[in-house]
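The values are calculated or read from the model by the stated rules, or taken from the named source; none is laboratory data. Given the structure is predicted, the values throughout are model-derived calculations rather than measurements. Cβ coordinates were reconstructed from backbone atoms using ideal geometry, including for glycine residues, and neighbour counts include every protein chain displayed.
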Amino acid sequence: MSPLLRASGVSKAFGRTRALRDASVTIGAGEVVAVSGPSGAGKSTLLHCLAGILVPDAGEVHYGATRLDELDENARTRLRREAFGIVFQFGGLVPELTAAENVAVPLMFGGLSRAKAAEAAREWLERLGAGDCAPLRPGELSGGQVQRVAVARALAHGPEVVFADEPTGALDSVAGEEVLGSLLAEARGRGTAVVLVTHDNRVAAYADREIVVRDGVAAESPAVTR
Ligand SMILES: Nc1ncnc2c1ncn2[C@@H]1O[C@H](COP(=O)(O)OP(=O)(O)O)[C@@H](O)[C@H]1O
Ligand SMILES: [Mg+2]
């Protein structure tokens, strides 16, 4: 599998806390990789370094031919907007906007007309089983619906990688499985890579590979045979 995203010897500290120590991981194009490990292990820090949200103190992050960690803030923001989709544990939707607007606005930033963005947003919400949510604001949605909208927003612009940080951590197991199921089905259908931080121990059932993080140290498992 051709490497799409590669962290090499990445370290990141917050004050005296060494959140990530010399982490080296590779994500292949279209690969679904689960990141697991105890709370506080450095999973989110690893994901944020891979996604260009955080700049590591040491080491390199490569996205294809681009040295991600050397880009300035604006260039990283642009890259995230174009090539990456991100789903947070609590959705991270804009509370003042409807579900449809939450999906449509980033598409308009990407250059789509208002009408085209609205149409694409509607289609994506339907695809995620959240068509009914379109006119509602996040405060009017269930946790599961919020995450469906967040997944629609993360996928709608056709990213190469979706980063999801415990996207089902706040949901009951049924809602969680539905959200995860649709995220992975849509991503696999499009050849979108997924970096999924999860506490769910049925990782092997849906990921191609697992990265286990403990005390800031990342260990990659070999590919799971599917
Ligand atoms: N912004 C921050 N400021 C200070 N400490 C942080 C910050 N982010 C993470 N940490 C610390 O770094 C360590 C790793 O955190 P994190 O990557 O969030 O772990 P995980 O996602 O595995 O729970 C923890 O000890 C956490 O408290
Ligand atoms: Mg975390």
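Would you check if R76 is assigned to a helix (DSSP H, G or I), modelled with pLDDT of 95 or more and not aliphatic (A, V, I, L, M)? The answer is yes for R76.
Do we find a residue being closer than 22 Å to L141 by Cβ and either within 16 Å of ligand 1 (Cβ to nearest atom) or out of contact with any Phe, Trp or Tyr (no Cβ under 8 Å at 6 or more places or on another chain) (or both) anywhere in the range 155-162?
Within the range 155-162, one or more residues are closer than 22 Å to L141 by Cβ and either within 16 Å of ligand 1 (Cβ to nearest atom) or out of contact with any Phe, Trp or Tyr (no Cβ under 8 Å at 6 or more places or on another chain) (or both).
Cβ-Cβ contacts under 7 Å between residues 6 or more apart (or on different chains), taken from a first residue in the range 110-135 that is farther than 15 Å from V179 by Cα to a second residue that is among the polar types (S, T, N, Q), are listed as A134/T98; P135/T98. Quick check on the range 90-105. Is at least one of its residues more than 20 Å from T192 (Cα to Cα), within 16 Å of ligand 2 (Cβ to nearest atom) and of a type outside the set (A, V, I, L, M)? Checking the range 90-105: at least one residue is more than 20 Å from T192 (Cα to Cα), within 16 Å of ligand 2 (Cβ to nearest atom) and of a type outside the set (A, V, I, L, M). Note on the range 165-193: residues that are farther than 23 Å from G30 by Cβ and either in contact with a strand residue (DSSP E or B) (Cβ under 6 Å, 6 or more places away or on another chain) or not hydroxyl-bearing (S, T, Y) (or both) total 7.
Rundown of residues vs (1) farther than 27 Å from R122 by Cβ; (2) in a strand (DSSP E or B); (3) at pLDDT 95 or above; (4) within 16 Å of ligand 1 (Cβ to nearest atom), yes/no style:
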site: T168; (1), (2), (3), (4): no, no, no, yes
site: G176; (1), (2), (3), (4): no, no, no, no
site: A205; (1), (2), (3), (4): yes, no, no, no
site: E210; (1), (2), (3), (4): yes, yes, no, yes
site: P222; (1), (2), (3), (4): yes, no, no, no
site: R226; (1), (2), (3), (4): yes, no, no, no
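Each residue in the range 34-74 was checked for being away from ligand 1 (no atom under 15 Å from the Cβ) and within 13 Å of L4 (Cβ to Cβ), and 7 pass. Within the range 194-221, being without any contact (Cβ under 8 Å) to a residue 60 or more places away in the chain and aliphatic (A, V, I, L, M) holds for A204, A205, A219.
Look through the range 172-198, keep the residues that are within 16 Å of ligand 2 (Cβ to nearest atom) and of a type in the set (A, V, I, L, M), and return whichever of them is farthest from the chain's Cα centre (by Cα). The selected residue is V197. Only residues that are within 16 Å of ligand 2 (Cβ to nearest atom) and either buried (at least 22 other Cβ atoms within 10 Å of the Cβ) or in contact (Cβ under 8 Å) with a residue 40 or more places away in the chain (or both): list them for the range 14-24, please. Hits for the range 14-24 are R18, A19, L20, A23. Among the residues making up the range 34-62, those that are more than 13 Å from ligand 2 (Cβ to nearest atom) and either touching a Lys or Arg at 6+ places or on another chain (Cβ under 6 Å) or farther than 18 Å from S8 by Cβ (or both) are A34, G52, P56, D57, H62. Within the range 1-22, the residues that satisfy the criterion of being among the aliphatic types (A, V, I, L, M) and away from ligand 1 (no atom under 11 Å from the Cβ) are M1, L4, L5, A7, V10.
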